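These notes are about the structure you will find just below.
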Amino acid sequence: MSQPMGSTSRDFGTIAIVGVGLIGGSIALAAKLRGLASAVLGVGRDAKRLEEARRRGVVDEGLDLAAAARGADLLIFCTPVDRIVVGAREAAAACRPGALITDAGSIKAGICRDLERNLPRGVDFVGSHPLAGSERQGFENADARLFENRVCVVTPVENCSRAAIERIGAFWTSLGAKVVEMSPEAHDHALAETSHLPHMIAAALAGTLSPGNRNLAASGFRDTTRIASGDPGLWAAILFGNRQQVLDSLSRYDRSLSGFRRALEDGDLVALKQLLQAAKTNREQIDALGN
């Protein structure tokens, strides 16, 4: 990781948001709040939803992908991860020279490597992932301040121009994020541990709750399983797209959980306390970072 990036230009021209949901809508509102765009275009599969986003002032205009790409200086794909590559290639074919494409996907290696080559001359793609969000969905829950003081990972590959990398970094910095740069593979390894595995564990835990005990699920259970309310289709694509890294993290988790099982089976109170203390210390160190 490295804290970046020199340019802090606040003029990003016409921005197109592909997928105007929670993240896309928050980017649109943040860009408008901070005066970063001459216009914010929205692209979506549901024309009625897109029109409602326009009516609410989330985007200035709703267009199809080709039309938005022809007019955009910066395109940001906020679609499910399994649709980013196809969409970005389609958009790139319609972009003007000098256009820049990024995404907000939670997996990076497959996307960045697929888009590493064969884009039209003069059109750049640089991957990115803002580590912000919610289990809530839709532009109705968008927040113009969602990215403030949150980490955004930028994931260039070898043939990315430094100017394009700096411009993407400057964009996220202008939204209030703290930008770090990682390889796509390093990102996926880290996010498997910090995001994808926790989601799977929360879902598994939520799935173990007996219907008769739902009225007894208080703050501890609710806090631990909150993220299991996320969109199943979106999360299935993330977990499947990063499955080897998730499996590796799941193996480490299995070993950790086995330690707790052994302590209970052996009646070893000392070992149980040590495991709980180690977990408590690790969790408190996260809080100390202030992210």
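The values are calculated or read from the model by the stated rules, or taken from the named source; none is laboratory data. What you see is a predicted model; the values in this text were computed from it and never measured. Positions of Cβ are backbone-derived with ideal geometry, glycine not excepted, and every protein chain shown enters the neighbour counts.
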Subject >> Filtered residues of the stretch 26-45 (kept if within 22 Å of Glu90 (Cα to Cα) and either under 22 Å from the mean Cα position of the chain (by Cα) or touching a residue at least 60 places away in the same chain (Cβ under 8 Å) (or both)) >> reply: Ile27, Ala28, Val40, Leu41, Gly42, Val43, Gly44, Arg45
**OP:** For residues that are surrounded by 13 or more Cβ atoms within 10 Å (Cβ to Cβ) and of a type in the set (Ser, Thr, Tyr), scanning just the stretch 216-231, find the one that is farthest from Ile201 (Cα to Cα).
**Re:** Ser229
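With respect to Val246, determine if the residue is out of contact with any strand residue (DSSP E or B) (no Cβ under 8 Å at 6 or more places or on another chain), surrounded by fewer than 10 Cβ atoms within 10 Å (Cβ to Cβ) and hydrophobic (A, V, I, L, M, F, W, C).
Working: out of contact with any strand residue (DSSP E or B) (no Cβ under 8 Å at 6 or more places or on another chain): yes; surrounded by fewer than 10 Cβ atoms within 10 Å (Cβ to Cβ): no; hydrophobic (A, V, I, L, M, F, W, C): yes.
Criteria not met by Val246.
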Original post:
In the stretch 262-282, which residue that is in a helix (DSSP H, G or I) and exposed (fewer than 10 other Cβ atoms within 10 Å of the Cβ) is nearest to the chain's Cα centre (by Cα)?
Top reply: Asn282
Subject >> Number of the exception - Ala92 against (1) within 16 Å of Ala190 (Cβ to Cβ); (2) outside any strand (DSSP E or B); (3) small (Gly, Ala, Ser); (4) touching a Phe, Trp or Tyr at 6+ places or on another chain (Cβ under 8 Å) >> reply: (1)
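A quick yes/no check of all residues on (1) of a type in the set (Gly, Ala, Ser); (2) under 23 Å from Ala237 (Cβ atoms):
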{"position": "Val43", "(1), (2)": "no, yes"}
{"position": "Asp60", "(1), (2)": "no, no"}
{"position": "Leu63", "(1), (2)": "no, no"}
{"position": "Arg70", "(1), (2)": "no, no"}
{"position": "Ala91", "(1), (2)": "yes, yes"}
{"position": "Ala94", "(1), (2)": "yes, no"}
{"position": "Ala104", "(1), (2)": "yes, yes"}
{"position": "Pro130", "(1), (2)": "no, yes"}
**OP:** Among the candidates Thr155, Thr194, Thr173, single out the residue that is of a type in the set (S, T, N, Q) and more than 13 Å from the chain's Cα centre (by Cα).
**Re:** Thr173
**OP:** Report yes if Ala177 is within 19 Å of Ser134 (Cα to Cα) and in the same structural domain as Pro80 (by TED's automatic domain parsing), otherwise no.
**Re:** yes
Original post:
What single numbered condition from (1) assigned to a loop (DSSP other than H, G, I, E, B); (2) of a type in the set (A, V, I, L, M); (3) modelled with pLDDT of 95 or more fails to hold for Leu119?
Top reply: (3)
**OP:** Please work out which one of (1) free of Cβ contacts under 8 Å to residues at least 24 places away in the same chain; (2) over 22 Å from Ile23 (Cα atoms) is the condition Ala190 fails and give its number.
**Re:** (2)
Subject >> Exclusive hit being in contact with a strand residue (DSSP E or B) (Cβ under 9 Å, 6 or more places away or on another chain), crowded, with 19+ Cβ neighbours inside 10 Å and over 20 Å from Gly230 (Cβ atoms), set Ala99, Ala104 >> reply: Ala99
Original post:
Can you tell me which residues in the stretch 46-60 are part of a loop (DSSP other than H, G, I, E, B), touching a strand residue (DSSP E or B) at 6+ places or on another chain (Cβ under 9 Å) and in contact (Cβ under 8 Å) with a residue 24 or more places away in the chain?
Top reply: Val58, Val59
Original post:
Is the stretch 60-71 home to any residue that is touching a helix residue (DSSP H, G or I) at 6+ places or on another chain (Cβ under 8 Å), over 25 Å from Asn141 (Cα atoms), buried (at least 23 other Cβ atoms within 10 Å of the Cβ) and in the same structural domain as Leu175 (by TED's automatic domain parsing)?
Top reply: yes
Subject >> Leu234 hydrophobic (A, V, I, L, M, F, W, C), assigned to a helix (DSSP H, G or I) and either exposed (fewer than 11 other Cβ atoms within 10 Å of the Cβ) or modelled with pLDDT under 95 (or both) >> reply: yes
**OP:** Could you please tell me which pairs satisfy a Cβ distance under 7 Å, a separation of 6+ or placement on different chains, a first residue in the stretch 160-186 that is within 22 Å of Leu29 (Cα to Cα), and a second residue that is of a type in the set (Asp, Glu)?
**Re:** Gly176/Glu148
